Amino acid sequence: MDAYWEFRSRNEKRLQNERNRRFAPAQHGLALVVPSPYPQGISGLGALWVYERINATPGWSCERLFAPDPPWMDRPWRAWPHPAICTIETRTPLSEFSLIGVSLSAEVEVISLLKLLRAAGIEPLRSARVEGPLILVGGPLALVAPGVVSAIADLVFLGDSEESLPRFLALAGDGRGDPSSVAAAGIDGVWVPGVGGAGDDPAPFCGRLKWPADAGLEGVHQRAGLEGVHQRAGLEGVLPAGSFGPAVSHLVTPEGEFGEKVLVEVSRGCSRACAFCMMSRRARPCGMRLFSKDAILSALRGEGKALSDRSDLSDLSDLSDLSDLSDSPAVYPASVGLVGAAVSDHPALVEIVETLAAAGTKVSLSSVRADRASRELLTALVSGGLRTLTLGLDGASERLRTAIDKQCSAADFLTACENAAACGLNAVKVYCILGYPDETDVDVAELADLLLRIPRSLQVRLSLSALVPKPGTPLADAPLPHEKTLLARTRLLKKRLGHLKIQAPSVKDAAFEHAVDHGDGVWVAKLLEKLDREDQ
């Protein structure tokens, strides 16, 4: 089979395997580019939400284009077959769309995006793009790396899109989707680089962002006094229930990174203020918002009913049949993933997990804060199928964790591990960051000593990453850790913890991530030149 038919048949098979896909041709179309291979790209809740929301908008359709699978992504883009630059729904070339949306979640996707645009015959640099489609970029990277994103995008969607996306679609549907018209409309959360006095810094636009007025979220929690998350009366504000519920992945496929697991949003943002993290900074000073238990379970009942009843939904005009099922039997999906930056801070998490597990649903979440890993929560998670507890230390010693405001003591960590063993879990996976400015070998030795105190009944895996100083954080100006230092400290840990599985940090990946986060248009142009030379 030649490359053309290899790509085409793979895309057709993937479409056949998708359930609950909501797509129908319409008057206006947008191509959504997810610059990761299909298994990873189809598993991102944000991109799925955008795809489904546009297809649920009267008069609009959204098609998808993913980065080629390995090893094609590593090959010259000039060698890619034609289907690699066509949408999977209708095999339409990317260059034929007047609107292209891009969901950027990680720094490495910048390379994929530049190569996809080049392969499609679209000029990647905004300043050099005289004609061609309008490029819209959203996703986490829009806030983390505005200098790089603004060098590519005509419009940048910052933060939540419940209000900004429908407003833009209304403008574009009326023929006013060009940058000047969008800038004149003043849509909160939409940044138009280089138009109307807007420079290459989104800070002024971040400052005017607000929560969706009708978001159906339970509360707003300010940084002062984390206890407010667990005491409803202590919440700093209550948003009214309304038409927007938690994001949920209607579309499922066995080819996704998480299989046919349905993802549901438990919370947005984070009330913590870890010095290395941007989550609670930049555009969202209000911190963390929680969806109610009832809203989460209702959304999942809708998905369970849809998956058990049918594989495709033809009526895209109204999604309420899947979100308001309070009187329906409790039919939940077979497997659910709870999504959020701080899922274990949700005050009703135990009740949510217990309800799902009692219905026979498998439940998972990315990690649990050590100080939230109670026996009650872990017992519920075990009944939902959890076998490995994932904990983030993020600093090698208690001194470092205090300095970065991680708020995770050694006592909290060990108690979490003891609870895991008592509840019948098999393993603990620990994440830790190396390379803080004043980190020493003494700090790293303390990490080794702490891990040796984990109950022996648990298999322990340690995943190390290098500190990547993020813009807008207290560590923004910190130097990137030196490769020799990281290697030496990794060797120290392997020597002390020879029996443990240890994943070493990738210095190369950290360096590229840092370059993207702090890059600008000049840097993007140089990267593009480098990619072009390599693809000769």
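The values are calculated or read from the model by the stated rules, or taken from the named source; none is laboratory data. Values in this document were obtained by computation on a predicted structure and should not be read as measured data. All Cβ positions, glycine included, derive from the backbone under ideal geometry; neighbour counts span all protein chains shown.
Please find, among PRO479, PRO505, PRO474, the residue that is under 20 Å from LEU143 (Cβ atoms) and either modelled with pLDDT of 95 or more or not small (Gly, Ala, Ser) (or both).
On the way: PRO479 fails: under 20 Å from LEU143 (Cβ atoms); PRO505 fails: under 20 Å from LEU143 (Cβ atoms).
Of PRO479, PRO505, PRO474, the one residue that is under 20 Å from LEU143 (Cβ atoms) and either modelled with pLDDT of 95 or more or not small (Gly, Ala, Ser) (or both) is PRO474.
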Given the condition surrounded by 18 or more Cβ atoms within 10 Å (Cβ to Cβ), of a type outside the set (Phe, Trp, Tyr) and over 30 Å from VAL148 (Cβ atoms), answer yes or no: does some residue in the stretch 462-481 qualify?
yes
The helices (runs of 4 or more DSSP H) lying entirely within the stretch 389-481 that contain at least 2 residues which are in contact with a strand residue (DSSP E or B) (Cβ under 8 Å, 6 or more places away or on another chain) are 410-422, 441-451
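Buried (at least 18 other Cβ atoms within 10 Å of the Cβ), under 21 Å from THR440 (Cβ atoms), within 24 Å of the chain's Cα centre (by Cα) and not assigned by TED's automatic domain parsing to the domain that holds VAL108, is that true of VAL516?
It is false that VAL516 is buried (at least 18 other Cβ atoms within 10 Å of the Cβ), under 21 Å from THR440 (Cβ atoms), within 24 Å of the chain's Cα centre (by Cα) and not assigned by TED's automatic domain parsing to the domain that holds VAL108.
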Filtering the stretch 12-31 for residues that are closer than 15 Å to GLY256 by Cβ and surrounded by 12 or more Cβ atoms within 10 Å (Cβ to Cβ) leaves a count of 7
Listed by first then second residue, the pairs whose first member lies in the stretch 75-90 and is touching a residue at least 60 places away in the same chain (Cβ under 8 Å), whose partner is among the acidic types (Asp, Glu) and assigned to a loop (DSSP other than H, G, I, E, B), with beta carbons under 7 Å and at least 6 positions apart or on separate chains, are PRO76/ASP535; TRP77/ASP535; ARG78/ASP535
Subset of the stretch 45-57, residues surrounded by fewer than 22 Cβ atoms within 10 Å (Cβ to Cβ) and under 16 Å from GLY139 (Cβ atoms), comes to LEU45, GLY46, TRP49, ARG53
Selection from the stretch 491-501 of residues surrounded by fewer than 19 Cβ atoms within 10 Å (Cβ to Cβ) and in contact (Cβ under 8 Å) with a residue 12 or more places away in the chain yields LEU492, ARG496, LEU497, LEU500, LYS501
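In the stretch 358-371, how many residues are part of a helix (DSSP H, G or I) and touching a Leu at 6+ places or on another chain (Cβ under 8 Å)? Step through it out loud before you land on a result.
Let us first name the residues in the stretch 358-371 that are part of a helix (DSSP H, G or I), namely 358, 370-371.
Narrowing the set further to residues that are touching a Leu at 6+ places or on another chain (Cβ under 8 Å) leaves 370.
Count: 1.
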| message | Any residue that is surrounded by 20 or more Cβ atoms within 10 Å (Cβ to Cβ), in a helix (DSSP H, G or I) and on the phi < 0 side of the Ramachandran plot - is there at least one of those in the stretch 58-76? | response | no
Residues in the stretch 361-397 that are over 24 Å from the mean Cα position of the chain (by Cα) and at pLDDT below 95 total 0
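What residue, of GLY228, GLY287, GLY245, GLY216, is closer than 30 Å to ARG21 by Cα, buried (at least 21 other Cβ atoms within 10 Å of the Cβ), touching a Gly at 6+ places or on another chain (Cβ under 6 Å) and at pLDDT below 90?
Details: GLY228 fails: closer than 30 Å to ARG21 by Cα; GLY287 fails: closer than 30 Å to ARG21 by Cα; GLY216 fails: buried (at least 21 other Cβ atoms within 10 Å of the Cβ).
Going through GLY228, GLY287, GLY245, GLY216 in turn, the sole match is GLY245.
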Within the stretch 57-70, can one find any residue that is in contact with an Asp or Glu (Cβ under 6 Å, 6 or more places away or on another chain) and under 22 Å from ALA106 (Cα atoms)? yes
Exercise. Taking the stated definitions as given, is LYS530 in the same structural domain as GLY194 (by TED's automatic domain parsing) and surrounded by fewer than 17 Cβ atoms within 10 Å (Cβ to Cβ)?
Worked result: yes
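Can you tell me which residue within the stretch 321-346, out of those that are at pLDDT 85 or above and more than 22 Å from the chain's Cα centre (by Cα), is farthest from ALA247 (Cα to Cα)?
Looking only at the stretch 321-346, we keep the residues that are at pLDDT 85 or above, and these are 332-346.
Okay, now just the ones that are also more than 22 Å from the chain's Cα centre (by Cα), so 332, 334.
Values: TYR332: 16, ALA334: 18 Å.
Looking at residues that are at pLDDT 85 or above and more than 22 Å from the chain's Cα centre (by Cα), I get ALA334.
Taking the conditions exactly as written (of a type in the set (Gly, Ala, Ser), surrounded by 15 or more Cβ atoms within 10 Å (Cβ to Cβ) and either in the same structural domain as LEU486 (by TED's automatic domain parsing) or out of contact with any helix residue (DSSP H, G or I) (no Cβ under 6 Å at 6 or more places or on another chain) (or both)), does GLY424 satisfy them or not?
Details: of a type in the set (Gly, Ala, Ser): yes; surrounded by 15 or more Cβ atoms within 10 Å (Cβ to Cβ): no; either in the same structural domain as LEU486 (by TED's automatic domain parsing) or out of contact with any helix residue (DSSP H, G or I) (no Cβ under 6 Å at 6 or more places or on another chain) (or both): yes.
When the stated conditions are applied, GLY424 does not pass them.
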Within the stretch 8-47, the count of residues that are of a type in the set (A, V, I, L, M, F, W, C), part of a helix (DSSP H, G or I) and either over 24 Å from the mean Cα position of the chain (by Cα) or under 21 Å from ALA247 (Cα atoms) (or both) comes to 2
Does GLY498 satisfy being assigned to a loop (DSSP other than H, G, I, E, B), farther than 30 Å from GLY385 by Cβ, more than 29 Å from the chain's Cα centre (by Cα) and not hydrophobic (A, V, I, L, M, F, W, C)?
yes
Going through (1) surrounded by fewer than 16 Cβ atoms within 10 Å (Cβ to Cβ); (2) modelled with pLDDT under 90 one by one, PRO254 fails only at (2)
Checklist line | Residue check for PRO37: modelled with pLDDT under 95 and surrounded by fewer than 18 Cβ atoms within 10 Å (Cβ to Cβ) | finding: no
The residue from THR415, THR402 that alone is of a type in the set (Val, Ile, Thr), modelled with pLDDT under 95 and more than 22 Å from GLU265 (Cβ to Cβ) is THR402
